[in-house]
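What follows is a single structure, written as structure tokens, with notes after it.
The values are calculated or read from the model by the stated rules, or taken from the named source; none is laboratory data. A quick note: this is a predicted structure, and the numbers were derived from the prediction, not measured. Glycine gets a Cβ as well: all are built from the backbone with ideal geometry, and neighbour counts include every protein chain shown. Note: areas computed on protein heavy atoms with side chains; ligands, DNA, RNA excluded. Shrake-Rupley method; radii C 1.70, N 1.55, O 1.52, S 1.80 Å.
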Amino acid sequence: MMKILHYTISAFFRSKNTGRVYLLFFALLFAYLGYCFNNYLRFGEIYSTLIWLVRPCIFVVAFFIYCGYELAVQLNDHHMIEYLATYRNGLFKAYGAFILTGIILTTPVFIMILTFVIFLYRYSGIQYTPFLIHTTKLAVLYYEISPVIGVMLGTAMAAKLKTNRLAVYSLTVILVLLNTTYTDAPFRIPYLLFNSYFIERLLYYFKDFFTLVPHQLGSQFMVYPIYGFPMEPIRWYMAGFWFMFSLSLIMSVCSYRRIKYLMQVVTVGIIFIGIGLFSFRGSTLLMDMRVDSFPYADPFYYMERSLDDGISREAAFSIEEYDMSLTISNELHAEVTVSLNTDQLDQYDFTLYHGYILTGVSTENGQIPFIREGDTISIRDIKGVKKLTFQYHGKSPKYYANKQGITLPGYFAYYPKAGRLPIWDKDRYGYVINVPQEISGYTVVVKSRLPIFTNLEGDGNILHGRTNGLSLFAGMYEEVDEHIYAEPLANSIPNRLAILEAEQVLSDIFRFLNHSELYVSLQDKKVFQVPYSFVLNSNTEQLVIMDDHITGDYFSDAQSIVSSYMMAIMKSRNWLRFDYIKHLSQRFFKDNGSDPEMTNKVDINQILESINEWRDLTAKYQDMTREKYLEMDDSEKQMYYEAKDRLTDLETIINEEAFRYLFVESPRQEVHLRVFFEYFYSGSEEDCYELIEKQLREEQINDGTGQSR
């Protein structure tokens, strides 16, 4: 065997098709590592550097498919198959030598990548062992196991397809394309043109099954520090599948006839095992353009639901106690017992996210019937029962829970909540913050190998306490300061001084607004900085205030904390609230009087004229339909587009100039700030432009001083 191995290695390097190409590949890889390190020196972002490191990985796999094939196909090129078959286990030893040669050839690549990531870890000064483990696993999966699979596939193609190079290289190109995002466009056609979600999902499942490199070439999505690169257990299982599948194909040509039939059966069995494992992969972080991926799953799902599904119906009962057993493996498996405050209702409605499959609801006397509609669970005819137990399992595309990471905020219905609560707000394009007023008791057992960070107290993974929302986080996540939790490698780490400064400013703001009762102290609560991915497809989660803790995407800058806090308490959906909060917060962070460089004062009459023109244009085209548009001639269409452009310009003028005058230039700016706070806080449905016009006309009447002109 050793002689054959020595011969194959010598043959590989003597061949022009393999030896010289391998040395060129090695030189290019070395130069590419220098390029990645230069990127780190320029930008100082380690995750961006690692993304560049893994970006060409599929081409590395394709190269080793080429190496494995060109090495093994020499048996056919030199007509040695029949000769080796005359020796006992001759073919088996030959192909074994090819595989060992391929593994030996991949080892220097792996050592080079592993050395680079360890060097990068030490050079960057990061002192966080979980990240070192993560990058080591990254090197193993992306640059050792994946290239070895490439060698195995190349050898298997040589064994089965022999000298049909066109077929081999065509399959390799297809495999490369399936490991990139360039297939997104054709794969989305069935859904976009024919509304066929099933076909789109089937195409993407096929793509995922052949994805040898989890972080696809062309992906524009960030890699979030709490989760890191996708290396869920299914990725390792599928790597083992492709290795065993290739090995079984190779062995099927190396044995006697009866053994060949047996190996064919084994190959079919391995395929079914692989498909089975893949079908039950559970919670994985999908970051691409498919309908059920992280950014699009829930917006698409709720867009197609009826309006009645979004109506909130408060419960006539409350939950006094939760007793939970949560097992986090490939997805969330839960058994939750709720203790109700009444047993006299005809119907009990609970909210549980639709991605969790409810397998049963029971009382002390056994299973009971229930009705599941989307996110709502309805239970009837259980008078005299105060305890219900829910068994369920499943996942959410966004709030994942698996062996690599956990992000389950307390305002999300990953466990049953009292009442019929909406999950998604179509108007604000974000998740509804479902935080009950009542405080419940919690006894929670979390079965997970990951260290759990939560708002409850406890020892290890056994938690207990009272709160109105249970939040669980795990992964590359830590307590970065006392009662402050975040991703240690995030671009922004929560700052205790910034939180204290924001707390003081918020106290001043609410005193100024005569609403001191709305202020909730930040200092007494645990602070959880959520992954920045939370705001990727949601406009409502910048800051969420719960009874004993706060979740938010940014706690490094006091002014940003104040702005997020004010946004969190606003009930209005009007986008002008962003501009209002900016003016309000600036007033308390610096002297926001007249800017000496602001030489052009706002003309109130011009703003009022702009509002009137905006109303006229809006009224003229507000009933525009497709049928009316098609009936227009070219000149009318040109006028329509000019009107749309003018409306955009008018909105910009009104928004900027009116707020600048009311909140900066006006002598009555304090009055205006209080009036608009009441408007945005109350969620008034009054037209904001009407309120602006009203305040400006009062300025004209009073001349800004309270005295009539």
Residue among I113, I133, I126 that is of a type in the set (A, V, I, L, M, F, W, C), over 19 Å from W242 (Cα atoms) and open to solvent by less than 20 Å² (accessible area, probe 1.4 Å): I113
Inside the range 184-197, can you point out the residues that are polar (S, T, N, Q) and in contact with a helix residue (DSSP H, G or I) (Cβ under 6 Å, 6 or more places away or on another chain)? S196
Return the residues of the range 199-223 that are open to solvent by less than 40 Å² (accessible area, probe 1.4 Å) and outside any loop (DSSP other than H, G, I, E, B); say none if nothing qualifies. E200, Y204, K207, D208, F209, L217
Boolean, I234 is open to solvent by less than 30 Å² (accessible area, probe 1.4 Å) and assigned to a helix (DSSP H, G or I): yes
Mind listing whichever residues of the range 557-573 are surrounded by fewer than 17 Cβ atoms within 10 Å (Cβ to Cβ) and not in a helix (DSSP H, G or I)? D557, K571, R573
Output for the range 210-268, where each listed residue is in contact (Cβ under 8 Å) with a residue 60 or more places away in the chain and touching a Gly at 6+ places or on another chain (Cβ under 6 Å): I226, Y227
Would you confirm whether any residue within the range 141-148 is closer than 24 Å to T267 by Cα, in contact (Cβ under 8 Å) with a residue 12 or more places away in the chain and more than 29 Å from the chain's Cα centre (by Cα)? yes
Based on what the data block shows, is I189 in a helix (DSSP H, G or I), surrounded by fewer than 19 Cβ atoms within 10 Å (Cβ to Cβ) and over 21 Å from the mean Cα position of the chain (by Cα)? yes
Among the residues of the range 339-372, how many are touching a residue at least 40 places away in the same chain (Cβ under 8 Å) and in a strand (DSSP E or B)? 7
Does the range 441-453 contain at least one residue that is within 17 Å of the chain's Cα centre (by Cα) and of a type in the set (A, V, I, L, M)? no
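Residue-by-condition table, conditions (1) out of contact with any helix residue (DSSP H, G or I) (no Cβ under 9 Å at 6 or more places or on another chain); (2) among the hydroxyl-bearing types (S, T, Y); (3) assigned to a helix (DSSP H, G or I); (4) modelled with pLDDT of 90 or more:
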residue: Y641; (1), (2), (3), (4): yes, yes, yes, no
residue: I654; (1), (2), (3), (4): no, no, yes, no
residue: F663; (1), (2), (3), (4): no, no, yes, yes
residue: Y679; (1), (2), (3), (4): no, yes, yes, yes
residue: Y689; (1), (2), (3), (4): no, yes, yes, no
residue: T705; (1), (2), (3), (4): yes, yes, no, no
residue: S708; (1), (2), (3), (4): no, yes, no, no
Scanning the range 523-537 for residues that are surrounded by fewer than 19 Cβ atoms within 10 Å (Cβ to Cβ) and not aromatic (F, W, Y), which turns out nearest to E479 (Cα to Cα)? K525
Is at least one residue of the range 93-100 among the basic types (K, R), at pLDDT below 90 and either on the phi > 0 side of the Ramachandran plot or not in a helix (DSSP H, G or I) (or both)? no
Kindly indicate whether V505 is in contact (Cβ under 8 Å) with a residue 24 or more places away in the chain, of a type in the set (A, V, I, L, M) and over 27 Å from G430 (Cα atoms). yes
